[in-house]
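K.L.:
Below is a structure I'd like to ask you about.
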Amino acid sequence: MVSGILPLTAQSGSEGDSRPGTGRSAWFACLAKPAGLENPVKLLAGGKVSMLELPEFMASEGVKIPADGVLRIVREVPDPENQGKLKHVILAEAKIPETVQEALVILSPIAKPEGALLFQSKVQDLANFKGGDRLFINLSDSNIRVKLGKTLVAVESRHASIFKAPPMAKATNMPVMYEFFHSERKEWKILGASTVVVRPTRREICVFNNGSRIGNIEKHKILFPVR
């Protein structure tokens, strides 16, 4: 199951990426691991299989995007049609568009898998995601808004928004509050509030998805490297 790329809006003016070209790269973020999932997993790309660790609360190491743009997490099982040989079954699959140079592949477990497929995949373009920025990805059915310092970031359902960090020479403390729009009560409800540290040497991603009931939004924080 392959999901499309999430539309992205920036909270302030975006900048061109001035870094030298290093080839197309992708990272994986796993929101939860189904029982029995091997870790490291096997990644199939460009006809070659490699091992990839899916860490907790962090993005994986970067992997090269193959020419066809297709990345698959697979499992090796005995091939009933070829005794003594193995075949690959697909646990997750993502197609990276040709226009995307840096991509995040978000893996969300399927609640009731049918067959071998364990994850839904969402692709997020990281072109405008710089050091100090915060990327909010809303996979839920509710609208989300985040107040970070004095900036209000709106994150529509099935969309993503970037908080563009102001120029800073060192880490800065900022209050943050998360809210979601309750579809039954027709009002904004507080999801959580705290203080965060914004660092120019670090990027962070926050993913929201549906919980087990209306008004139960789950939030996942993912640390992401600065290249």
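The values are calculated or read from the model by the stated rules, or taken from the named source; none is laboratory data. What you see is a predicted model, and the numbers here were worked out from it, not measured in a lab. In this analysis, Cβ positions are derived from the backbone assuming ideal geometry, glycine residues included, and neighbour counts consider all displayed protein chains.
K.L.:
Could you figure out which of (1) at pLDDT below 90; (2) assigned to a strand (DSSP E or B) isn't true of CYS206?
P.N.:
Unmet condition: (1).
K.L.:
Kindly indicate the residue of the range 168-227 that is of a type in the set (Asp, Glu) and surrounded by fewer than 18 Cβ atoms within 10 Å (Cβ to Cβ) and also nearest to GLY62 (Cα to Cα) among those meeting that condition.
P.N.:
Initial filter on the range 168-227 (of a type in the set (Asp, Glu)): 179, 184, 187, 204, 218.
Next, only the ones that are surrounded by fewer than 18 Cβ atoms within 10 Å (Cβ to Cβ) stay: 184, 187, 218.
Numbers: GLU184: 41, GLU187: 40, GLU218: 26 Å.
If we take residues in the range 168-227 being of a type in the set (Asp, Glu) and surrounded by fewer than 18 Cβ atoms within 10 Å (Cβ to Cβ), then GLU218 is nearest to GLY62 (Cα to Cα).
K.L.:
With the structure loaded, tell me whether ILE73 is over 26 Å from LYS221 (Cα atoms), touching a residue at least 24 places away in the same chain (Cβ under 8 Å) and of a type in the set (A, V, I, L, M) or whether it fails that test.
P.N.:
No; evaluated as a whole, the condition is false for this residue.
K.L.:
Does VAL176 meet the test of being of a type in the set (Val, Ile, Thr), in contact with a Pro (Cβ under 9 Å, 6 or more places away or on another chain), farther than 22 Å from LEU107 by Cα and in contact (Cβ under 8 Å) with a residue 12 or more places away in the chain? Can you show your working first?
P.N.:
Values: of a type in the set (Val, Ile, Thr): yes; in contact with a Pro (Cβ under 9 Å, 6 or more places away or on another chain): no; farther than 22 Å from LEU107 by Cα: yes; in contact (Cβ under 8 Å) with a residue 12 or more places away in the chain: yes.
No; evaluated as a whole, the condition is false for this residue.
K.L.:
I would also like to ask the following. So, restricting to strands (runs of 3 or more DSSP E) that lie completely within the range 34-140, which ones have at least 1 residues that are closer than 30 Å to THR172 by Cβ?
P.N.:
102-109, 119-125, 134-138
K.L.:
Ok, one more. Which one of these is polar (S, T, N, Q), part of a strand (DSSP E or B) and surrounded by 14 or more Cβ atoms within 10 Å (Cβ to Cβ): SER157, SER161?
P.N.:
SER161
K.L.:
Related question: Just the residues that are surrounded by 12 or more Cβ atoms within 10 Å (Cβ to Cβ) and either among the β-branched types (Val, Ile, Thr) or touching a helix residue (DSSP H, G or I) at 6+ places or on another chain (Cβ under 7 Å) (or both), please, taken from the range 36-88.
P.N.:
Within the range 36-88, VAL41, VAL49, VAL63, ILE65, VAL70, ILE73, VAL74 qualify.
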